[in-house]
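A.B. asks: Would you mind keeping the following structure in view while I ask a few things?
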């Protein structure tokens with residue numbers, strides 16, 4: 001029985017989808033003005049694990065994740081500039097050029113991390129007519145008002161506006177979070193549609209509407225993209241914890257006021273990642289992109305590091321995380337190599353271990369997707385395999401297949417390494433070992449040692465045996 005921690009109720013609940021056998025999930029995606037940093041990658045990694053496990057359990061999952069390509073201002077409370085137009089101006093390029101470039105880079109990172117692409121990835125700008133229609137509906141129903149070409153949502157019209165974030169509005173309104181917009185009736189009212197002209201400036205990305213030329217508010221976009229492709233009520237909505245106080249309450253208010261139906265059944269929120277014990281911040285120089293880490297360590301090691309944390313716990317990204325990830329990748333590769341090299345025996349005790357690991361894995365994942373606990377079960381299984389290589393060969397092969405299957409649910413693909421499958425790696429290493437053995441036989445120890453040293457630098461250790469030299473990934 002799968003249980004999910006629902007932010008709305010602040011407790012774990014049994015997961016029962018709206019439609020039997022099917023799951024509709026929407027996750028907040030990238031605002032495409034900047035590169036994917038390790039915190040973004042961590043969140044997308046978690047949602048990928050959620051979707052993979054739901055499919056593992058037999059659900060037909062439709063996953064929608066958006067690209068925000070307009071309307072996300074530098075302050076979430078409708079203040080400041082559009083992040084994309086601001087960055088495009090700084091780089092002296094057209095906003096549309098910036099968007100295309102960043103989406104291309106986003107996909108490169110996602111693919112390198114073996115994160116499955118969602119079923120549908122709409123750009124906000126592709127649904128402007130639907131957004132204008134929803135704004136019109138909210139105006140007609142009395143939930144919104146128009147001032148000088150701007151349309152705002154009146155939160156006093158929506159009962160329990162702050163229920164997701166458990167906001168005490170009277171107290172919150174007393175805090176100087178931002179300068180109050182004089183056009184708003186109430187402090188927490190938020191923009192559905194913004195006038196393209198602000199003072200002497202005009203927004204480059206703008207569309208005609210009944211209220212004049214303008215562009216949609218960030219909060220409006222996600223409601224529309226979720227409902228357009230998944231319907232009025234969706235099963236799971238995921239995002240970062242920073243969405244709890246403002247963005248997601250606004251999504252709820254818009255959607256439920258328009259449809260009269262529950263918008264989301266289970267709300268999931270991922271914790272922030274820290275870097276070396278501190279909040280990530282460009283201004284503090286404490287910031288790293290996913291691309292930097294992938295290029296340095298490889299996608300599999302980065303993904304292993306990200307998967308070591310639970311989505312509701314803050315993972316501190318540091319050198320220890322990387323080192324542990326390297327070791328874990330090495331242990332798994334060595335185990336797989338040992339299975340492939342083993343000639344087997346007559347024992348059958350691994351049969352029970354295969355059953356046990358699946359049960360422990362599923363028990364962990366059914367408990368709010370506890371992938372660290374699931375990984376622990378896998379590592380215990382690896383120890384059992386390593387000490388049971390005298391089992392029948394067909395049982396060993398079944399153990400290998402089970403190991404690869406469970407790792408795959410966590411998005412950890414051990415069938416390839418940097419785009420080269422294991423067969424090609426083995427063939428390449430056979431050639432290198434052969435060259436080194438010839439050098440040793442010719443007493444060319446300088447070349448032999450040089451090959452050993454260079455392989456060690458890339459994480460491969462040579463073991464000289466009486467019958468032949470062998471190699472393994474460093475990690476044990």
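A.B. asks: Run the numbers on the chain and let me know its relative contact order in percent, using alpha-carbon pairs under 8 Å that are six or more apart.
C.D. replies: This gives 17 percent for the chain.
A.B. asks: Can you compute log10 of I(q)/I(0) for the range 278-414 with the Debye formula, treating each Cα as one identical point scatterer, at q = 0.11, 0.13, 0.15, 0.19 Å⁻¹?
C.D. replies: Those come out to -0.46, -0.61, -0.77, -1.08, one per q.
A.B. asks: Enter the angle in degrees (range 0 to 90, nearest 10) between the Cα long axis of helix 422-441 and the first principal axis of the Cα atoms of the chain, meaning the one along which they spread out most.
C.D. replies: Tilt of helix 422-441: around 40 degrees.
A.B. asks: A further question follows. Using only C-alpha positions, report the orientation-averaged shadow area of the convex hull of the range 95-239, nm², one decimal.
C.D. replies: Numbers: hull surface 44.2 nm².
Projected over every direction and averaged, the Cα hull of the range 95-239 covers 11.1 nm².
A.B. asks: Once the Cα atoms of helix 218-230 and of the chain are each reduced to a long axis, what angle between those two axes, in degrees from 0 to 90 to the nearest 10, is obtained?
C.D. replies: The two axes meet at around 70 degrees.
A.B. asks: Still on this model: For the chain, restrict the atom set to alpha-carbon positions and state the Rg and Dmax in Å.
C.D. replies: 26.4, 89
A.B. asks: Once you keep just the Cα pairs under 8 angstrom separated by 6 or more residues, what percentage relative contact order results for the range 278-374? If you can, show how the numbers build up before the last one.
C.D. replies: On the way: 43 pairs, mean separation 25.5, N = 97.
With pairs under 8 Å counted, the relative contact order is 26 percent.
A.B. asks: Length gain on complete extension for the stretch residue 96 to residue 185, per 0.36 nm per residue less the alpha carbon to alpha carbon distance?
C.D. replies: Working it through step by step, the gained length comes to 28.7 nm.
A.B. asks: For the range 1-155, what are the per-bin percents of Cα-Cα distances with bins 10 Å wide, up to the bin holding the maximum?
C.D. replies: That works out to 9, 28, 32, 25, 6, 0, in percent per bin.
A.B. asks: Return the FRET efficiency for the residue pair residue 359, residue 413: r is the Cβ-Cβ distance, R0 is 25 Å, and the value is rounded to the nearest 0.05.
C.D. replies: The pair residue 359/residue 413 has a calculated efficiency of 0.60.
A.B. asks: Oh, and also: Rg/Rh for the range 3-270: what does it come to with C-alpha atoms and Rh from Kirkwood?
C.D. replies: Values: Rg = 18.2 Å, Rh = 19.1 Å.
Ratio of gyration radius to Kirkwood radius for the range 3-270: 0.95.
A.B. asks: Compute the distance from the alpha-carbon center of the range 93-112 to that of the range 215-268, in whole Å.
C.D. replies: 25
A.B. asks: By how many nm would the segment from residue 457 to residue 295 lengthen if fully extended, with 0.36 nm per residue of separation less the alpha-carbon distance?
C.D. replies: Numbers: separation 162, 0.36 × 162 = 58.32 nm, distance 1.60 nm.
Once the chain is fully extended between residue 457 and residue 295, it gains 56.7 nm.
A.B. asks: Let me ask something additional. Return the inverse of the average 1/r over all pairs of distinct C-alpha atoms in the range 343-395, which is the Kirkwood hydrodynamic radius, in Å to one decimal.
C.D. replies: The answer is 11.6 Å.
A.B. asks: In µm²/s, what is D for the range 149-306 at 37 °C and 0.692 mPa s, where D = kT/(6 pi eta Rh) by Stokes-Einstein and Rh is the Kirkwood radius from Cα pairs?
C.D. replies: The estimated diffusion coefficient comes to 177 µm²/s.
A.B. asks: Given a Förster distance of 30 Å, report the FRET efficiency between residue 74 and residue 259 from their Cβ-Cβ distance, rounded to the nearest 0.05.
C.D. replies: Plugging the Cβ-Cβ distance into 1/(1 + (r/R0)^6) gives 0.45.
All of the numbers you see were taken from the coordinates with simple rules; none came from a lab. These numbers come from a predicted model, not from an experiment. So basically every Cβ, Gly included, is an ideal-geometry build from the backbone, and we count neighbours across all protein chains shown.
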